[in-house]
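Data first, discussion second: the structure below is written as structure tokens.
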Ligand SMILES: *Cc1c(COP(=O)(O)O)cnc(C)c1O
């Protein structure tokens, strides 16, 4: 079920602040996705490769959904890149140079370029994936050094997930940390110019806090589609 009012209210807030919405549709049906698309939503995020591929295939064969853009927001294994490379719009969770190289290779095979965000670990929980600041810096250095052979990937920014915490100051500090990491990378690696522009942070429970701390891309599921 799509919460139409929630979508319109959210879009009004995001439009004013020039924040992009990725509607997170994991575990939700193609009917739910179609309903949100009918309201004007074009960007959808999925966490699991097989689920994403099935949904993409469904909509690719359906008239009227040509403008849909798929985002991969989960943890991406290198051996699965090939399945999403033909169509993926943005990969949010790049957390190693090897993964970036694999994405480049598969993008090249498909004769396209794939935009990517570096996932940075900002939460206190150990279970979440992502690079630390030094790791992100190092990845950017490798990328810079080998840019000639990485013509089919575009680094578009950073992504992170805050702790699941009631402590708003903690969450706020983590978002501020991601914003600072973004600024540091942008100022140190000027070769990206305007390509390096996205800060993907904020989910249903914390998106307002994320926007206040500089997010310009939020990933929201349950607020729009109900609980999973
Ligand atoms: C599931 C998920 C979301 C959306 O979470 P909601 O709380 O439903 O808004 C956002 N980002 C990532 C990485 C997710 O896995």
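Percentage of Cα-Cα pair distances in the chain greater than 31 Å, rounded to whole percent? That fraction is 18 percent. Once Rh for the range 1-119 is found with the Kirkwood sum over Cα pairs, what is the Stokes-Einstein diffusion coefficient at 20 °C and 1.002 mPa s, in µm²/s? For the chosen part, D equals 142 µm²/s. The P(r) of the range 135-183 has a tail past 14 Å containing 62 percent of all C-alpha pairs. Think of it as helices only: each DSSP H run of n ≥ 4 in the chain is worth -39500 (n - 2.57), and spread over all residues that comes to -12500 deg cm²/dmol at 222 nm.
To the nearest Å, what is the center-to-center distance of the range 143-218 and the range 58-129, using C-alpha atoms only? Taking the Cα centre of each part, the range 143-218 and the range 58-129 sit 16 Å apart.
Length gain on complete extension for the stretch residue 125 to residue 62, per 0.36 nm per residue less the alpha carbon to alpha carbon distance? Walk me through the numbers on the way to the answer.
Values: separation 63, 0.36 × 63 = 22.68 nm, distance 4.07 nm.
Answer, rounded to one decimal: 18.6 nm.
Quick note: the coordinates plus some simple rules give every number you see, no bench work behind them. As the structure is a prediction and not an experimental result, all values here were calculated from the model.
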